[in-house]
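For reference, the structure is listed below as structure tokens.
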Amino acid sequence: MNKWEPQTPEDRLLLAYWEKTGKGRMFLEVPVGNYASGFFPKGSSVRNIDGVRILSEDSQKDEIIPRRAYRWRDLIDAFRDKEVEVIEAKKRLNRLLFGQAVAGVDMFERQYPAWIVHPVVIYEINDPAMEWVCQKHGVKMCQPYALTDEVDG
């Protein structure tokens, strides 16, 4: 398998976050919401979570696994009884990014057998009002290119 290289601004944010947080194993473009998975009603469509990083593994592996390198069924075992971060990345911290993270956690929890699931938003451009919203709802925030980590938690 070829080494993954970031292609989009969101990919670059994911890579910067992964490097900043101590790496681990992160799956990209994780599908949720598919009717065929058996977890969602007929008519449901697939959505992709930008990244899912495993926090609790017996043998910590440092790798980013792109969508083309795994099958949906592989994820069931990878996430089983693990503590994970469901990560969404955008240029700006806004309602869309917040909503994707919150909805992503709910859909992820319905489809995968993880133990604990944490929502994370990664962004370049801050919005203090949205910081407050994220804090209120327990969404971890990160600006990986920022000089300080006042908001990270």
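The values are calculated or read from the model by the stated rules, or taken from the named source; none is laboratory data. Not measured: the values here are computed from a predicted model. Cβ coordinates were reconstructed from backbone atoms using ideal geometry, including for glycine residues, and neighbour counts include every protein chain displayed.
Here are the numbers:
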item: Only one of E109, E83 that is surrounded by fewer than 19 Cβ atoms within 10 Å (Cβ to Cβ), in contact with a Ser or Thr (Cβ under 8 Å, 6 or more places away or on another chain) and not aliphatic (A, V, I, L, M); result: E83
item: Residue, nearest to the chain's Cα centre (by Cα), within the stretch 43-81, restricted to residues that are under 17 Å from I116 (Cα atoms) and of a type in the set (G, A, S); result: G51
item: Selection from the stretch 27-74 of residues that are aromatic (F, W, Y), closer than 23 Å to D11 by Cα and outside any loop (DSSP other than H, G, I, E, B); result: F27, W72
item: Condition check for R47: modelled with pLDDT under 90 and of a type in the set (D, E, K, R); result: no
item: Pairs where the first residue, in the stretch 89-108, is touching a residue at least 40 places away in the same chain (Cβ under 8 Å) and the second is assigned to a helix (DSSP H, G or I) and among the basic types (K, R), C-beta under 9 Å, 6+ apart; result: A89/R12
item: Flag if A146 is at pLDDT 95 or above, out of contact with any helix residue (DSSP H, G or I) (no Cβ under 8 Å at 6 or more places or on another chain) and either under 17 Å from F27 (Cβ atoms) or not polar (S, T, N, Q) (or both); result: no
item: Within the stretch 44-80, considering residues that are of a type in the set (S, T, Y) and exposed (fewer than 14 other Cβ atoms within 10 Å of the Cβ), the one farthest from G33 (Cα to Cα); result: S59
item: Scan of the stretch 75-84 for residues that are closer than 11 Å to V30 by Cβ and of a type outside the set (V, I, T), ordered by number; result: L75, A78, F79
item: Qualifying residue in the stretch 127-134 (condition: closer than 24 Å to E5 by Cα, free of Cβ contacts under 8 Å to residues at least 40 places away in the same chain and out of contact with any helix residue (DSSP H, G or I) (no Cβ under 9 Å at 6 or more places or on another chain)); result: no
